[in-house]
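The values are calculated or read from the model by the stated rules, or taken from the named source; none is laboratory data. Treat the numbers as computed from the prediction; the structure is a model and nothing was measured. As a convention, Cβ positions derive from the backbone with ideal geometry for all residues, glycine included, and neighbour counts pool all protein chains shown. Accessible surface is based on the protein model in full, side chains and every heavy atom, while ligands, DNA and RNA are left aside. Shrake-Rupley method; radii C 1.70, N 1.55, O 1.52, S 1.80 Å.
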Amino acid sequence: MQARPGSLGLPRTGLCRRCSDVEGCWSNGNPRSGDFDRCCAFDDTGFLKDGNASACVSRPYTGTAGKVTNCQVGVSLHLASDHASAAVDWRLFLPETWDPHSPKADPDKAARRGACGIPEDVRHVEKWQLALDMLDETRSWGIAVPLAVADAGYGDAAAFRHGLQARGLHYVVGISTTLSAQPGEAVPVSEPYSGSGRPPVAKYPDKARSVKQLVIAAGRNAAKPVQWREGSRPGTGPSGFKRMYSRFVALRIRPAGREVRQTADGPELPACWLLAEWPADQAEPVQFWLSDLPSDTPLTTLVRLAELRWRIEHDYREMKQALGLDHFEGRTWTGWHHHVTLVSVAHAFCTLQRLAHAPKDTAPA
C-alpha cells in the first residue's frame, strides 16, 4: 500500500495476508464462460476539511458533501464479489495546484508541501492513472482478478480502458451519455482510388453518435427486465428482501474518438458492449456502461457486474460510519495514508469475521 504498512509496525506480508484472506473468500471467475465472480473496483471519496493547511486540499465537487467544498480526495481499490468486499489500496490525489511543476500551480500550496510531508517526487497524476498504479501494486502482491469495474469518472478515459486491457483485465465501467460510438454493424469503406496520389483511407460513412442516441434509436422495446440481487428492505425475494430490478438494453457498439483510433489495429474500431438502464417509468435511459466482455456474455451477467460497484459505496459507508475513515484530523501526507491503512485493515477484519460467522449471507445494501 501507499501507506507503507511496515512503518505502522505491520509487516507487509501480514497486510498482504489480510488481502489474500479476503481473496480466498471468492470463487474463481472463468473469463471464457463469462462467469465472473470477483473483481477489483475503483472509486474516490472526499475527506472534508475546514481549512487549507492539510496535504492536497482543494475545492472540487465531492459527492460526500454534494457540493464544491474544501476537501482531500482519496482514490481506492477494492476487492469485491457479490458477498464481500474490502479496500486494499489507497492513494491521496494531488491536485495540479499542489504540483510546483504544473502551469496551474498555486505558489502558496506548493510552498506547503514540505510542512505537509509530501515527497518531492510526488506529482499531479490523473485519478485513472492512480487506479492503474494501485492495480499494478496489488497484482505484485500475488492477488489476481479477471475484471475491473469503475464509474464514469474512470470509464470515460479511453487510456484507462486501454490500460486495463494491456494488463489482461476485462472491464465493465460507467460512461457519460456523450461518449461517441459507431453501431456494432458499421463497417469502414474506402472511396474509389483515382490511381494517383495516396490511396484513400477507409472511413465510416456515417458520423459517430452519442451512446444515448444509439440506445434511444434501439427503442424502448429493446429493454429487457433483469433482477441482479436483493436489497435490505423487506420484499418478495428468496431471503425475504426486496428484489433489485430494472430494465436494460445491451448493444454491440464501436467506441470512437481520437485515442481509440490511435490504438485500433486498422480502420475498423474494436467492438464492445454498451449497457444502458432504461426503467419502465422513464422516458429515456438513465445510466450507461461500457464493457469488453465476450460477445456471448449474457445480459444478466453484464448487469450483475455493472451493479457490483455498489460494494464500494457499501465499504465507504461502513468505514466512515463505523470505523472513522473521515475522522482524521491530521495534516500530513504520511499521516493520511497511515490512517486509511489502519481503517482498511479494521474493515477487512470485520468483513472476514462476518463471512466466517455467516458465509452465505450477503451484506445489507
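Taking θ as phi - 60°, what are the ³J(HN,Hα) couplings along the stretch 110-118 by the Karplus curve (6.51, -1.76, 1.60), each to the nearest whole Hz, with x for Gly and Pro?
With the stated coefficients, the stretch 110-118 comes to 4, 6, 7, 4, x, 5, 8, x, 7 Hz.
Given points 7 Å out from each Cα along the Cα-Cβ axis, report the CYS350 to ASN221 separation in nanometres with one decimal.
Here the answer is 5.0 nm between the modelled labels.
Going by average Cβ neighbours within 10 Å, how do the peptides 334-341, 279-286 rank, with the highest at the top?
334-341, 279-286
Calculate one ³J(HN,Hα) per residue across the stretch 139-145 by plugging θ = phi - 60° into the Karplus curve 6.51 cos²θ - 1.76 cosθ + 1.60, and present them in order as whole Hz with x for glycine and proline.
5, 5, 7, x, 9, 10, 9
Please give, to one decimal in nm, the separation of the simple spin-label points placed at ASP281 and GLU96, each 7 Å out from Cα toward the Cβ.
Reported label-point gap for ASP281 and GLU96 is 4.2 nm.
May I ask you to order 165-171, 216-222 by the average number of other C-beta atoms within 10 Å around their residues, highest value first?
Per-residue Cβ counts within 10 Å, averaged per peptide and sorted highest first, yield 165-171, 216-222.
Taking 51 Å as R0, compute the FRET efficiency from the Cβ-Cβ separation of HIS357 and GLU191 and round it to 0.05.
Efficiency, from the Cβ-Cβ distance: 0.15.
Spin-label point model (7 Å from Cα, Cβ direction): what's the ARG243 to THR332 distance in nm?
5.5 nm
What does the accessible area per residue of the stretch 61-149 come to in Å², with a 1.4 Å probe and no ligands, DNA or RNA counted?
Value for the stretch 61-149: 41 Å² per residue.
How large is the convex hull of the C-alpha atoms of the stretch 277-326 per residue, in Å³?
In the stretch 277-326, the Cα convex hull volume per residue is 133 Å³.
Taking H placed 1.01 Å from N in the peptide plane, check which residues at least 5 places from THR69 or on another chain put their amide H under 5 Å from its amide H.
THR62
With a 1.4 Å probe and all protein chains left in place, how much of the accessible area of the stretch 272-365 comes from carbon and sulfur atoms, in whole percent?
In the stretch 272-365, the share of accessible area belonging to carbon and sulfur is 53 percent.
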